[in-house]
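A short write-up of the structure that comes next.
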Amino acid sequence: MKSRHMALAQRATALLSIPLFALAIVGCGGGDDNSSSTASTPATTATTPATTTTETPSKATTLKLEADPGGDLSFNKKTLAAPAGKVTIDMKNPAPVQHNVAIKGDGADETGEVVSSGGTSTVTADLQAGTYTFYCSVDGHEAAGMKGTLTVK
Ligand SMILES: [Cu+2]
């Protein structure tokens, strides 16, 4: 009985001495202070879920248009196309004649400001797929041919 108890006690001390022994080794090897204790911190760069590219409900498109620089009642394009959504037409007017750009058709009716001599008239409309007309709303200009077709798909 007694010897058995002793054996257990010896075992216990043996187990206890292991950590001490390990510490002793570490202590001995502490000659070179250069042994940088690089506490390798797990650089857990919080992998944020890639910014959810939620498909924008409506695309925004800007189309460029220009009035005839010589003052003719016409635009430099007869057709324009854009995907459904917010459509903007920037119409530059280099001529001294007053012009603007407007959109009509299929329920759309937007008019940009009248400009001349290098000004830019801008019109924006929220358009669904369909065929629209872009034109100059200055008196008589559309009738004279200052217009074109805007196709939205
Ligand atoms: Cu005009």
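Of note:
- Entry remark, region 72-90: residues being more than 31 Å from the chain's Cα centre (by Cα) and touching a residue at least 24 places away in the same chain (Cβ under 8 Å) number 4 in total.
- Within region 140-150, considering residues that are more than 9 Å from the ligand (Cβ to nearest atom) and not in a strand (DSSP E or B), the one surrounded by the fewest Cβ atoms within 10 Å (Cβ to Cβ): 143
- Residue within region 123-138 that is buried (at least 17 other Cβ atoms within 10 Å of the Cβ), more than 15 Å from the ligand (Cβ to nearest atom) and over 30 Å from the mean Cα position of the chain (by Cα) present: no
- Residue match in region 93-112 (condition: assigned to a loop (DSSP other than H, G, I, E, B), surrounded by 13 or more Cβ atoms within 10 Å (Cβ to Cβ) and away from the ligand (no atom under 13 Å from the Cβ)): yes
- A count restricted to region 64-79 and to residues that are within 16 Å of the ligand (Cβ to nearest atom) and under 17 Å from residue 133 (Cβ atoms) stands at 8.
- Check on residue 117, small (Gly, Ala, Ser), in a loop (DSSP other than H, G, I, E, B) and within 14 Å of the ligand (Cβ to nearest atom): yes
- Applying a threshold of 6 Å to beta carbon distances and a minimum spacing of six or more residues, or different chains, the list of pairs starting in region 91-103 at a residue that is in contact (Cβ under 8 Å) with a residue 40 or more places away in the chain and ending at one that is more than 9 Å from the ligand (Cβ to nearest atom) and of a type in the set (Asp, Glu) reads 103/110.
Throughout, read-outs are computed from the coordinates displayed, never taken from laboratory work. Please read all numbers here as calculations on a predicted model, not as lab measurements. Neighbour counts are summed over all protein chains in view; Cβ atoms, including those assigned to glycine, are modelled from backbone coordinates with ideal geometry.
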